[in-house]
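What follows is one structure encoded as structure tokens, with my remarks underneath.
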Amino acid sequence: MGMERRGRRGRRTKETVHLVETRVETLFRLAEEEVANGRTDLADRYVRLAHRLGMRYNVRIPRDLRSRICPRCQAYLVTSENASWRVKRGRIIVHCRSCGSVMRRPFK
């Protein structure tokens, strides 16, 4: 009588996914604000937290937000501060100045 089933542990519900998606967007917004205040170290921390949340709950970070993260060092990319963006032969080439990695993405 005293044992009640509460459901499976670790279940990925729609509410959890929605909560994580809103949290990731909030963390990116906070990262933008911190970059405007000159605190790039705190912005990088927010982006790493968002990335870990997405991995833990198997939620994709939206493409427009994902393009602002360096896939190698997880730094928040800011034009002319720690990243350079070039358009060349139908590609966007992003160079991260924090770790030196180069990302090439198609451009239509």
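The values are calculated or read from the model by the stated rules, or taken from the named source; none is laboratory data. Quantities reported herein were computed from a predicted structural model and do not represent experimental measurements. Cβ placement follows ideal geometry from the backbone for every residue including glycine, while neighbour counts extend to all protein chains displayed.
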Unique match (being under 11 Å from the mean Cα position of the chain (by Cα) and modelled with pLDDT of 95 or more) among Asp44, Asp64: Asp44
Whichever residue in region 29-50 is in contact (Cβ under 8 Å) with a residue 24 or more places away in the chain and among the aliphatic types (A, V, I, L, M) and, among such residues, is farthest from Leu19 (Cα to Cα): Val35
Output for region 51-81, where each listed residue is more than 27 Å from Thr16 (Cα to Cα) and among the β-branched types (Val, Ile, Thr): Val78, Thr79
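Which residues, taken from region 38-82, are among the aliphatic types (A, V, I, L, M), in contact with a strand residue (DSSP E or B) (Cβ under 9 Å, 6 or more places away or on another chain) and within 14 Å of Val94 (Cβ to Cβ)? Explain how you work it out, then say what you get.
Taking region 38-82 first, the residues among the aliphatic types (A, V, I, L, M) are 42-43, 47, 49-50, 53, 55, 59, 61, 65, 69, 75, 77-78.
Now drop any that are not in contact with a strand residue (DSSP E or B) (Cβ under 9 Å, 6 or more places away or on another chain), which leaves 43, 47, 50, 61, 69, 75, 77.
Correct list: Ile69, Ala75, Leu77.
Let's see how each residue does on (1) among the small types (Gly, Ala, Ser); (2) surrounded by fewer than 17 Cβ atoms within 10 Å (Cβ to Cβ); (3) at pLDDT below 95; (4) part of a helix (DSSP H, G or I):
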site	(1), (2), (3), (4)
Met3	no, yes, yes, no
Arg6	no, yes, yes, no
Arg9	no, yes, yes, no
Val20	no, no, no, yes
Ala31	yes, no, no, yes
Gly38	yes, yes, yes, no
Leu49	no, yes, no, yes
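When the residues of region 70-93 are narrowed to those that are within 15 Å of Val47 (Cβ to Cβ) and either of a type in the set (D, E, K, R) or without any contact (Cβ under 8 Å) to a residue 24 or more places away in the chain (or both), which ends up surrounded by the most Cβ atoms within 10 Å (Cβ to Cβ)?
Looking at the filtered set, the residue picked out is Leu77.
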Restricting region 75-89 to residues that are assigned to a loop (DSSP other than H, G, I, E, B) and of a type outside the set (S, T, N, Q), the residue that is farthest from Asn37 (Cα to Cα): Arg89
